[in-house]
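S.K.: Below you will find the structure I want to go over with you.
The values are calculated or read from the model by the stated rules, or taken from the named source; none is laboratory data. Since the model is a prediction, treat every value here as computed from it, not as a measurement. Neighbour counts run over all protein chains shown; Cβ positions are idealised from the backbone, glycine included.
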Amino acid sequence: MAAMTTTFQGSLLDRWDDTTPALQPLADRLERTHLARGAWVDLLPGWVAHSDDLFLRLVEAVPWQAERRMMYERVVDVPRLLSWYGEDDPLPDPLLASARAALTTYYAAELGEPFRTAGLCYYRDGNDSVAWHGDTIGRGKSTDTMVAIVSLGTPRRLQLRPRGGGPGLSFPLGHGDLLVMGGSCQRTWEHAILKTARPVGPRISVQFRPRGVR
């Protein structure tokens with residue numbers, strides 16, 4: 001596991017005498033934003049109540065890996081820590097299993113299949129990032145699908161822009177917020193967490209995906 005240090009300021013909305021993480025209801029609380037070309041985004045701030053305790057548990061429990069990838073004809077460090085859980089892998093915390101099940105139930109009619117995998121990213125500070133991309137390794141390249149993101153820890157801005165140019169938008173995600181990208185979003189839009197020079201604390205992103213979507 002990669003060595004790391006964590007300087008984390010919890011949400012002022014959490015009560016320190018009751019830090020047990022819990023999922024809030026999904027029904028009638030998600031706000032949908034319709035984007036161009038059949039894409040949409042659902043947002044529910046604070047879906048995981050008292051999420052800071054879950055953040056700290058995942059920092060310790062997840063086998064975080066530092067990876068290197070080929071980019072621009074040279075091998076570079078991936079600017080974040082990663083961990084991947086396949087369909088048959090037990091998730092690192094029971095609340096993540098409950099979250100995946102709740103999302104599967106809520107989106108059953110629209111998605112038509114369960115969320116099966118979980119990818120976790122650990123952004124240690126403002127130097128960690130993910131470049132513009134869509135989850136198009138697999139079925140997302142040609143068919144509508146969904147990627148559900150649970151954001152824990154310090155808020156960072158998820159940027160969205162249409163492929164080929166045009167106005168974009170952004171969402172500050174942290175402290176238990178839920179964002180779901182659906183419809184054609186993975187192939188007609190791109191998203192990113194950009195580097196920032198501002199002093200920011202750590203964040204964990206948990207991405208739930210259906211089978212065959214990366």
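S.K.: Can you report the number of residues in segment 25-62 which are acidic (Asp, Glu), farther than 29 Å from Gly183 by Cα and surrounded by fewer than 19 Cβ atoms within 10 Å (Cβ to Cβ)? Can you show your working first?
M.R.: Filtering segment 25-62 for residues acidic (Asp, Glu) gives 28, 31, 42, 52-53, 60.
The next check asks that each one be farther than 29 Å from Gly183 by Cα; those that pass are 52-53, 60.
Those still in the list that are surrounded by fewer than 19 Cβ atoms within 10 Å (Cβ to Cβ) too: 53, 60.
Of the residues in that region, 2 qualify.
S.K.: Please specify each residue of segment 174-203 satisfying the condition of being over 15 Å from the mean Cα position of the chain (by Cα), under 24 Å from Gly38 (Cβ atoms) and either at pLDDT 95 or above or of a type in the set (Ser, Thr, Tyr) (or both).
M.R.: Gly183, Ser184, Thr188, Trp189
S.K.: Could you grab the pairs with beta carbons closer than 7 Å, sequence gap of 6+ or different chains, first residue in segment 86-108 and without any contact (Cβ under 8 Å) to a residue 40 or more places away in the chain, second one assigned to a helix (DSSP H, G or I)?
M.R.: From residues that are without any contact (Cβ under 8 Å) to a residue 40 or more places away in the chain, the pairs are Leu91/Ala97; Pro92/Leu58; Pro92/Ala61; Asp93/Leu54; Asp93/Arg57; Asp93/Leu58; Asp93/Ala61.
S.K.: Ser83 is checked against (1) assigned to a strand (DSSP E or B); (2) in contact (Cβ under 8 Å) with a residue 40 or more places away in the chain; (3) farther than 21 Å from Leu23 by Cα; (4) of a type in the set (S, T, N, Q) and fails just one. What number does that condition carry?
M.R.: Result: Ser83 passes all but (2).
S.K.: It is to be established whether one or more residues within segment 144-157 are without any contact (Cβ under 8 Å) to a residue 60 or more places away in the chain, among the polar types (S, T, N, Q) and in a loop (DSSP other than H, G, I, E, B).
M.R.: No - not one qualifying residue is present in segment 144-157.
S.K.: Against the definition (surrounded by 10 or more Cβ atoms within 10 Å (Cβ to Cβ), assigned to a loop (DSSP other than H, G, I, E, B), modelled with pLDDT under 95 and touching a helix residue (DSSP H, G or I) at 6+ places or on another chain (Cβ under 8 Å)), how does Asp14 come out, yes or no?
M.R.: yes
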